[in-house]
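The values are calculated or read from the model by the stated rules, or taken from the named source; none is laboratory data. Note that the structure is a prediction, hence the values are computed from the model and not measured. Positions of Cβ are generated from backbone atoms using ideal geometry, with glycine treated the same way; all protein chains shown enter the neighbour counts.
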Amino acid sequence: MENKTNQSNEATHRASDSSHPQKDDNHRTVSDPSYNHSKSTTSPHADTHNDNSNNKRSNVTTENNFLPTIENLKALTFDNPQPALVLIDKVLRQGHKMMVAGPSKAGKSHLLIELAIAIAEGTKWLEWDCTQGRVLYINLELDRASCFIRFMASYKALGIPANNMDQIDIWNLRGKSVPIGQLVPEMIKMANDRNYIAVIIDPIYKVINGDENRADQMSEFCNEIDKICTDLNTAVIYCHHHSKGSQYGKRSMDRASGSGVFARDADALLDMSELPLDDNLIKKLQDLEARKVCEKWLDRFHMLGDLAENDDQDLSSLIDFCQRNLPANTFDLLMNEIDAVDISGYAAYRIDGTLREFPKFTPVNVLFRHPVHIVDDTGILATLDESDGYQRMRETKTKLSKIQSEKNLKKIEQAFCKLEKKGSAAIVDIASEIGLAESTLNEWFGNGKKGRPDYKKVFEKVNDPTTRKICLRRV
């Protein structure tokens, strides 16, 4: 009771001293006897702040935020505020937010691990230099051992010496994740004195509370991310998945799943789109990898200068050159390494950016060679049109869907043969036999949108008056 009285007196004192008394949302002055001080938005710490700054600035506290004063542009010229230091060259500043969005299985988590390593070691991430510093990687998806193994595999594949591995902290929260509103206070408490320059959250959907399609709920989520940036003076980096369906023709900021608030809130948005790799392109890339193997071995024997005169020769000629000039046992090792080159499992992506603080960069093309992304320095991927990729993916999806449909029909036929009695078999029994829901089979053999015309050429759906069950019978 005494505290409330003191706060009330302080608020009344401030209101009487000001030429513009403070008012609440109902336009009542704080000194108004009808004003309820228990709901006042005036901070009891405001006087202390004013005393320290000689009454030049004032602050107001709401329930959730400590609001700074309104400032005059002319006055700011004397203060001359400077932009935050750069974290990722030409992409992101320290204390800002970045989202990486992409399709499923594009290696987004691997890309963030590569970034964590680049910041800890002060090296390049893809094409951009990174400021060296301490990183917190919040792992919400992998178990503890898998996360550790992935980091070590990435270090090895990147070829970066682990000189500053102690600059990477990992918070393993798989199975322990909580909504962002509960996570942020604990994170700030634990990380307050660790001087992180980047906090990486992977993946973000694990801590989203509410409907990601509702702008109001996602605005609250984004405010929590801002709180991490502000309270820890650190950049926050996170990944998110694309929405379902084709992304062709969409702007990069419209591809991420959920409300547009996600993409528009981040200071930097990096979007990944898949590129088509046909057999001819795969052969070219494989030949380029083989050339790198040859050049590596020639460099070990200081013969790259001899090669420079004929650097336009094809792979076959290059291998002949190596055979003539390298020791026999070395050439055998070289050929074993070339034989091991296999990029058939590679995937190609184009990374585009929407940036708030920097000019737009030229899209970066990368090959995902598990477990890392390698920037294409050959220029081959730059010639690809991602629209071809979406068309190819649609064709592949249709082909796979047809194959799966044929497999399902075959299972139905096998189950029918096993369960058939007097020319029919109950759908509920067939569904149980092949491990599908009864409702799914009813839809496939029904007349709705999910009906399968090719299935209904083989079986028809009938009612068995004896068992009172819905059955299948051969057409």
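Here are the numbers for this structure:
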| read-out | value |
| --- | --- |
| Members of segment 274-295 that are part of a strand (DSSP E or B) and acidic (Asp, Glu) | 274 |
| Of residues in segment 213-231 being of a type in the set (A, V, I, L, M) and buried (at least 18 other Cβ atoms within 10 Å of the Cβ), the one farthest from residue 137 (Cα to Cα) | 218 |
| So residue 157, is it without any contact (Cβ under 8 Å) to a residue 40 or more places away in the chain and either farther than 19 Å from residue 238 by Cα or part of a loop (DSSP other than H, G, I, E, B) (or both) | no |
| Cβ pairs under 9 Å, 6+ apart, first in segment 325-349 and of a type in the set (D, E, K, R), second surrounded by fewer than 16 Cβ atoms within 10 Å (Cβ to Cβ) | 337/296 |
| Residue list for segment 172-204, restricted to those being in a strand (DSSP E or B) and hydrophobic (A, V, I, L, M, F, W, C) | 197, 198, 199, 200, 201 |
| Per-region count, segment 67-92, residues touching a strand residue (DSSP E or B) at 6+ places or on another chain (Cβ under 7 Å) and either buried (at least 20 other Cβ atoms within 10 Å of the Cβ) or at pLDDT below 90 (or both) | 5 |
| Output for segment 74-121, where each listed residue is assigned to a helix (DSSP H, G or I) and either among the β-branched types (Val, Ile, Thr) or closer than 17 Å to residue 204 by Cβ (or both) | 77, 108, 109, 110, 111, 112, 113, 115, 116, 117, 119 |
